[in-house]
2 protein chains.
Amino acid sequence: MASPIHQRLREDVLASVFAPDEPLTEAKLTERYGASRTPVREALQRLEQDGLVERRGKAVVVRTHSAEEIIDIYESRIILEQAAAAKAAVKATALDHQLLQALLLKMQQLDPSDGRALAETNRAFHSQLWHATHSPSLIGLLERLDQQVRRYTLTTLTYPGRWPVVLADYAELLAAIGDGDPERAGTIAARHMSDALTIRLKMYAEDPRTL
Amino acid sequence: MASPIHQRLREDVLASVFAPDEPLTEAKLTERYGASRTPVREALQRLEQDGLVERRGKAVVVRTHSAEEIIDIYESRIILEQAAAAKAAVKATALDHQLLQALLLKMQQLDPSDGRALAETNRAFHSQLWHATHSPSLIGLLERLDQQVRRYTLTTLTYPGRWPVVLADYAELLAAIGDGDPERAGTIAARHMSDALTIRLKMYAEDPRTL
DNA sequence: CGGCATACTTATGTATACAATCGTGTACAG
DNA sequence: CTGTACACGATTGTATACATAAGTATGCCG
């Protein structure tokens, strides 16, 4: 399914290699990745369907999201994360729980100033949680949403005082999942994501460029 | 975005023109739609990403879902429909509300035995409701889920006694949306979708082929 | 008679040539 | 000076030829 150039192009887009208004001409990408137009076109099409790029007139450009769009995506994600946490509380296996515990432990030992590591491990934790639902459709929907905003690397994790709260939330969440309490797990997850949105909005208010 | 052959192929897949095990070779589709392999390949790729077809070994075949997968998708949809109804109660404009009312009226005047018309109008109602949220992400997620199971035309709408309940549910839902009551709207939508799942499971228990 | 290796057929993956279209710049007219 | 029309250039859309790999049938060996 995933061709090598599709992956490379996606990573480059997510890493903001291309400017928001820079046209991703097939010729340019052809040269960059050393492949012919056919696989390049296929990769572009996939990214378009994933919502990572869009056609502007004839050209394809990296897709940007307005503050409203990001809020909208966030709100949908709150819904889905709540549902996922609740379902994980019911469906998670002992292995799922142990893997999540291991990730949490790892996060507790990270350097809180290393934003990159924080974001990376945090993503892994979420992904693991999604998989603990054993619900392919939920996983698919959440991955889709996540990917659309992944380019906005400015996470809320480095916001002053946020990281310890995140760790506490996760510990609490795992406890609820361990107890098989879907309602509590869902509530915690919803509050957690809702807080993240609040912080993001605060960050945006302080400096709109951080969007 | 949507090329003509992509649309045609999708419609054919949704209309079960191809057998579940029939390999959709590019040559065959090339001949069927009178285009060359390039656009055919692009269409196949899109349908694959939409979850309508899948690669089995080298060949591409229509994707089928097990009972478990359909239940899983349904459960995710319950979540999203509840969220959408709640959000519509907050965001719907007067025009949205009128359009929904008009659709409901149309449904009330339909012949309850015309399963095809029921399914079609019902889908239109849902779609209109989604759009009343004015949330692109929610709309996108719901459309995605819907498309994945649209091929299983056996809707619950023709189940004995179901249709009047559906109409009553929708009337109640519109009242809640008109009152701007997100909680009530969400509850009604969730119950409605949950009932649909229950009926579907009952139908499946009575005759597993109806899946 | 059965299993495995090998050659062949067929379908997909890739590259490239050709066609069509869109955007742009320029020139001319008002 | 501005607006419009036309022509040219660049880029994407389509078709096809070629390369590669997967699946299959056949024949030989155990």
Query raised in the report: How far apart are the B:SER113 label points across copies, placing each 7 Å from Cα toward Cβ, in nm, shortest first?
Result: 7.8
Query - Dimensions in Å of segment A:4-62 - Rg and Dmax from alpha carbons - result: 10.1, 27
Query raised in the report: With every protein chain left in place, what is the accessible area per residue of segment B:172-211 in square angstrom, probe 1.4 Å?
Result: 52
Query raised in the report: When the accessible area of the protein assembly as shown is split by element with a 1.4 Å probe, what percent falls to carbon and sulfur?
Result: 54
Requested in this report: May I ask you to compute the full-extension gain from A:GLU69 to A:THR153, defined as 0.36 nm times their residue separation minus their alpha-carbon distance, rounded to one decimal in nm?
Outcome: 28.7 nm
**Report entry** Estimated inter-spin distance, A:SER127 and A:LYS58, nm [label 7 Å along Cα→Cβ]
**Finding:** 3.9
Query - Euclidean distance between Cα centres, segment A:1-26 to segment B:31-84, Å - result: 24
Query raised in the report: Of the residues B:THR30, B:THR133, B:THR64, which exhibits the maximal mean-square fluctuation in a Gaussian network model of chain B defined by a 10 Å Cα contact cut-off?
Result: B:THR30
Query raised in the report: Label-to-label distances across copies for A:GLN49, with labels 7 Å out along Cα→Cβ, in nm, shortest first?
Result: 0.6
Requested in this report: Rank B:ALA102, B:ALA84, B:ALA27 by mean-square fluctuation in a GNM of chain B with C-alpha springs under 10 angstrom and give only the top-ranked residue.
Outcome: B:ALA27
Report summary line: Taking Cα atoms, the helix B:136-149 axis meets the longest principal axis of chain B at an angle in degrees (rounded to 10) of 60
Requested in this report: List the residues whose amide H sits under 5 Å from the amide H of A:SER135, counting only those 5 or more places along or on another chain, with H placed 1.01 Å from N in the peptide plane.
Outcome: none
Query raised in the report: What value, in deg cm²/dmol to 500, does the helix sum -39500 (n - 2.57) over DSSP H runs of n ≥ 4 give at 222 nm once divided by the residues of chain A?
Result: -23000 deg cm²/dmol
Report task. Pop a pseudo-label 7 angstrom from the Cα along the beta-carbon direction at both A:ALA102 and B:THR25 and give the gap in nm to one decimal. Result -> 4.6
Requested in this report: State, as an integer percentage, the relative contact order of segment B:4-62 based on alpha-carbon contacts under 8 Å between residues 6 or more apart.
Outcome: 44
Requested in this report: Find out how many positive minus negative residues lie around A:TRP130, taking Lys and Arg as positive, Asp and Glu as negative, among other residues whose Cβ is under 10 Å from that of A:TRP130.
Outcome: -2
Query raised in the report: Angle between the Cα long axis of helix B:162-178 and the longest principal axis of chain B, 0 to 90 degrees, nearest 10?
Result: 60
Query raised in the report: To one decimal place, what orientation-averaged projected area in nm² is obtained for the convex hull of the Cα set of chain A?
Result: 12.4
Report task. Sort shortest first the distances from A:PRO208 to its counterpart in every other copy, using label points 7 Å along the Cα-to-beta-carbon line, and give them in nm. Result -> 6.1
Query - Rounded to whole Å, sorted largest first: equivalent-ellipsoid semi-axes of segment B:125-211, Cα gyration tensor - result: 25, 17, 10
Requested in this report: Using only protein heavy atoms and a 1.4 angstrom probe, determine the accessible area buried between A and B, summed over both sides, in Å² to the nearest 100.
Outcome: 2200
Report task. Collect residues whose amide H, placed 1.01 Å from N in the peptide plane, falls under 5 Å from the amide H of B:VAL60; neighbours closer than 5 in sequence don't count. Result -> B:LEU24
Query raised in the report: Considering lysine pairs in the protein assembly as shown that are 8 or more places apart or on different chains, how many have Cα atoms under 29 Å apart?
Result: 15
**Report entry** Potential extension, A:ALA205-A:VAL165 segment - 0.36 nm per residue separation minus Cα distance
**Finding:** 12.3 nm
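The values are calculated or read from the model by the stated rules, or taken from the named source; none is laboratory data. Note that the coordinates shown come from a computational prediction; the quantities given were computed from them, not determined experimentally. Quick reminder, even Gly has a Cβ in these numbers, built from the backbone with ideal geometry, and neighbours come from all protein chains shown. Just so you know, the surface numbers come from the protein's heavy atoms only, side chains and all, with ligands and any DNA or RNA stripped out. Shrake-Rupley method; radii C 1.70, N 1.55, O 1.52, S 1.80 Å.
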